[in-house]
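Asks: This is the structure I have questions about; it appears just below.
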Amino acid sequence: MPAYDLIIRNGTIVDGTGAPRYTADIAVKDGLIAAVGTVRGDAAQEIDASGRIVAPGWVDVHTHYDGQATWDAEMAPSSWHGVTTVIMGNCGVGFAPAAPNRHEWLIGLMEGVEDIPGTALAEGMKWNWETFPEYLDALEQMPRTVDVGTHVPHGAVRAYVLGDREKPGAIPTTDDIRKMADIVEEGVRAGALGFSTSRTVIHKSVDGEVVPGTTATAEELIEIGRAMGRVGYGVFEMASDMKREWDEFGWMGALSRETGLPVTYAALQSIAKEMPLDEQIAEMRRHNAQGANIIAQIALRGNGIVMAWQGTVHPFRFRPSYVAIADLPWAAQLAKLKDPAFRAQVLAEESVYPQSDIIGLLMMISKGWHNQFVMDDGFDYEPQEEASILARAKTAGVSPDAYAYDKLMENDGTGFVYLPILNYADGNLDFLESLQASDDTVNSLSDGGAHCGTICDAASPTFMLEHWVRDRKRGRDREGGRISLEHAIKRQCHDTARLYGLDDRGILAPGYLADINVIDFENLRLLKPWLAFDLPAGGKRLLQKAEGYDYTIKGGKVTFHKGEWTGETPGGLIRGPQRADLLEAAE
């Protein structure tokens, strides 16, 4: 019988600790790394990794696969990009606890906040749970390509306790807050990795109502945080508009100091945030200096909208002639869009906006030509002003409207236009250089599984390697603002795993989980996104693959080879922190 299940030979090891790379073999047995170095003996399978980077599997802490994880074993698109662990239930939205009469409400909340088709959720989920522990049990029944962990979501908890009283501005009683805290404590004791909430007006249900956490008081949030403190672990995750009157850092700091638990928030350049990003970071560090443990989650590129005729939005979405055909089947829409007379009619019109408190965003979508970019092959996600639709249209001698219309019509109406609405206020990503060097930030905000018709940032780990490590040329220093491969991999494996107490992964060393990527680094590249209609009920989603992942290995099993799923599903449910006690035995 072979000594090992798998040996990866002659790879360039980047082990996840930030240490310099080195050449070695890795042996795997029973789902764990058994040896690193010069490995003697044989294995049931061997991989020659000569000339390849061998790194831990990525740990993505900000996803929204809450529904998809109940029906889909492949867990694409995150699994296509070397991710072996996902944490979902972020931003206060999820599907447990779920009273039987609140299923439709919870679907509407997720559809509105995260742009996941409600029809897909309604058809895909079986709702074989009510309480949060029962939801974990349901998740545990399905094997997947990746491990999944989750938060207890504030929206579901509030809806369960308040019932029909859950409306914008609803004020829970002291007894309501106690019941909510009890549910969160029960969920964390059952294995949830934390609790999440959302406090931003951008997050609305499909009916246009702000999410429950938006109007929650600091007292409510702190009492829920104390519930996790009683358990002794858990991460408090939040998205917020950072209004100064809310004093978010005040209560976050107080909660973290009292419970000893980490509090993490989405740190972005955003027109919705009253407090600028620099001030957010400064306030976080002021409280951390006083004993708090607040961690900023940062995105690695402009969070934007990928616009297309069949996507959720595009620049002509509010022009009357397009509105008149918006509900037609795609074939009928396409025929009209190809009609020169219809094109001229659309271009002659002005957008007519619905009543909205995000009218500025709608205007950016419909005529922000200076910050919109055609997604050509090999698209640079840090585009310069001369690549904008405004600049290109001027060079071509046409109006920006006409240029954008014609680019969207390419490839039979499947063209894409990129609009970075967050994290691109300066027209570059220079501000992220120092943040990526900081221990009080983590790489995050991929939103894997969400915003199906507007983004595909589940590819963020691939972008990190391709852009930030290898190709970036726009930075403040002579190295183009790039970061080292060792540091980048540490941030996407070790640092994200440690935030959530997952001490059993993110490092290539004996005793750790055999979650491994074998990467052709020089040829790693993102491919062009496309719209698929493969969710339940034909729901749409933007997808993006990559070239360069030779192998992705989860728990010692090869799950992906050259970008194709092998059919293996070694992933399971993570219940609570994963300690490194097994390391002593392995060593």
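The values are calculated or read from the model by the stated rules, or taken from the named source; none is laboratory data. In this text, all values refer to a predicted model and were calculated from it rather than measured experimentally. Because the Cβ atoms are built from the backbone with ideal geometry, glycine has one as well, and the counts that use them run over all protein chains shown. Remember, those area values only see protein heavy atoms, side chains included, never the ligands or the DNA or RNA. Shrake-Rupley method; radii C 1.70, N 1.55, O 1.52, S 1.80 Å.
Asks: Mind telling me which of the residues 19, 35 ends up being in contact (Cβ under 8 Å) with a residue 24 or more places away in the chain, open to solvent by less than 50 Å² (accessible area, probe 1.4 Å), more than 31 Å from the chain's Cα centre (by Cα) and over 16 Å from residue 517 (Cβ atoms)?
Replies: Answer to the check: 35.
Asks: Which count do you get for residues in region 22-32 that are surrounded by 12 or more Cβ atoms within 10 Å (Cβ to Cβ) and touching a residue at least 24 places away in the same chain (Cβ under 8 Å)?
Replies: 6
Asks: State all residues of region 146-159 that are open to solvent by less than 10 Å² (accessible area, probe 1.4 Å) and of a type in the set (D, E, K, R); if no residue qualifies, say none.
Replies: 158
Asks: I'm trying to understand the selection: among the residues of region 70-115, which are surrounded by fewer than 24 Cβ atoms within 10 Å (Cβ to Cβ), part of a helix (DSSP H, G or I) and under 16 Å from the mean Cα position of the chain (by Cα)?
Replies: 111, 114
Asks: May I pose another question? Working carefully through the options 218, 181, 192, find the one that is within 21 Å of residue 235 (Cβ to Cβ) and free of Cβ contacts under 8 Å to residues at least 40 places away in the same chain.
Replies: The unique qualifying residue is 218.
Asks: Cβ-Cβ below 6 Å, separation at least six or inter-chain, first residue in region 538-562 and on the phi > 0 side of the Ramachandran plot, second open to solvent by 40 Å² or more (accessible area, probe 1.4 Å) and among the polar types (S, T, N, Q): which pairs?
Replies: Note: pairs meeting the criteria are 548/523.
Asks: For residue 127, only one of the following conditions fails: (1) among the aromatic types (Phe, Trp, Tyr); (2) open to solvent by less than 10 Å² (accessible area, probe 1.4 Å); (3) without any contact (Cβ under 8 Å) to a residue 60 or more places away in the chain; (4) part of a loop (DSSP other than H, G, I, E, B). What is its number?
Replies: Among (1) among the aromatic types (Phe, Trp, Tyr); (2) open to solvent by less than 10 Å² (accessible area, probe 1.4 Å); (3) without any contact (Cβ under 8 Å) to a residue 60 or more places away in the chain; (4) part of a loop (DSSP other than H, G, I, E, B), residue 127 violates only (2).
Asks: Which of the following residues is of a type in the set (Asp, Glu) and over 23 Å from the mean Cα position of the chain (by Cα): 207, 241?
Replies: After applying the criteria, what remains is 207.
Asks: Does residue 162 count as in a helix (DSSP H, G or I), open to solvent by less than 40 Å² (accessible area, probe 1.4 Å) and over 27 Å from residue 242 (Cα atoms)?
Replies: no
Asks: Can you name the condition, by its number, that residue 28 falls short on among (1) touching a Leu at 6+ places or on another chain (Cβ under 6 Å); (2) part of a loop (DSSP other than H, G, I, E, B)?
Replies: Residue 28 satisfies all of (1) touching a Leu at 6+ places or on another chain (Cβ under 6 Å); (2) part of a loop (DSSP other than H, G, I, E, B) except (2).
Asks: Related question: Need pairs with beta-carbon distance below 7 Å; first residue open to solvent by less than 10 Å² (accessible area, probe 1.4 Å) and within region 247-264, second among the polar types (S, T, N, Q) and part of a helix (DSSP H, G or I); sequence gap 6+ or separate chains.
Replies: 263/256
Asks: Consider residue 169 against the criteria (1) at positive phi; (2) assigned to a strand (DSSP E or B): it satisfies all of them except one. Which criterion is unmet?
Replies: Among (1) at positive phi; (2) assigned to a strand (DSSP E or B), the lone unmet condition for residue 169 is (2).
Asks: Which one is nearest to residue 15 (Cα to Cα), of the residues in region 470-486 that are over 23 Å from the mean Cα position of the chain (by Cα) and at pLDDT 70 or above?
Replies: Restricting to residues being over 23 Å from the mean Cα position of the chain (by Cα) and at pLDDT 70 or above, the top hit is 481.
Asks: Just to be sure I understand the filter: pairs with C-beta atoms under 7 Å, separated by 6 or more residues or on different chains, first member in region 309-321 and of a type in the set (A, V, I, L, M, F, W, C), second member in a loop (DSSP other than H, G, I, E, B). Which pairs pass?
Replies: Note: pairs meeting the criteria are 313/454; 318/351; 318/352; 318/353.
Asks: Which residues, counting only those in region 552-575, are farther than 21 Å from residue 139 by Cβ, part of a loop (DSSP other than H, G, I, E, B) and open to solvent by 50 Å² or more (accessible area, probe 1.4 Å)?
Replies: Matches in region 552-575: 562, 566.
Asks: Among (1) assigned to a helix (DSSP H, G or I); (2) in contact with a helix residue (DSSP H, G or I) (Cβ under 6 Å, 6 or more places away or on another chain); (3) over 30 Å from residue 435 (Cα atoms); (4) of a type outside the set (D, E, K, R), there is one condition residue 316 misses while meeting the rest; what is its number?
Replies: (1)
Asks: Here is a follow-up. Tally the residues that are open to solvent by less than 10 Å² (accessible area, probe 1.4 Å), assigned to a helix (DSSP H, G or I) and either within 16 Å of residue 248 (Cβ to Cβ) or of a type outside the set (Val, Ile, Thr) (or both), restricting the search to region 186-197. If you could, list the steps in order and put the result at the bottom.
Replies: Start the filter on region 186-197 by keeping residues that are open to solvent by less than 10 Å² (accessible area, probe 1.4 Å), which leaves 187-188, 191-197.
Applying the additional criterion that residues be assigned to a helix (DSSP H, G or I) yields 187-188.
Restricting the remaining residues to those that are either within 16 Å of residue 248 (Cβ to Cβ) or of a type outside the set (Val, Ile, Thr) (or both) gives 187.
Result for region 186-197: 1.
Results for (1) over 18 Å from residue 424 (Cβ atoms); (2) modelled with pLDDT under 95; (3) under 32 Å from the mean Cα position of the chain (by Cα), shown as yes or no for each residue.
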| site | (1), (2), (3) |
| --- | --- |
| 334 | yes, no, yes |
| 341 | yes, no, no |
| 348 | yes, no, no |
| 361 | no, yes, yes |
| 375 | no, no, yes |
| 387 | no, no, yes |
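Asks: Just for helices (runs of 4 or more DSSP H) wholly inside region 341-448: which have at least 2 residues that are farther than 25 Å from residue 532 by Cβ and either in contact (Cβ under 8 Å) with a residue 12 or more places away in the chain or open to solvent by 30 Å² or more (accessible area, probe 1.4 Å) (or both)?
Replies: Ranges flagged: 359-367, 389-396, 400-408, 432-435.
Asks: Looking at this structure, is residue 11 in contact with a strand residue (DSSP E or B) (Cβ under 6 Å, 6 or more places away or on another chain), open to solvent by less than 20 Å² (accessible area, probe 1.4 Å) and assigned to a loop (DSSP other than H, G, I, E, B)?
Replies: So residue 11 does not fit the description; no.
Asks: Here is a follow-up. Can you confirm whether residue 305 is closer than 24 Å to residue 429 by Cβ, open to solvent by less than 30 Å² (accessible area, probe 1.4 Å) and part of a helix (DSSP H, G or I)?
Replies: no
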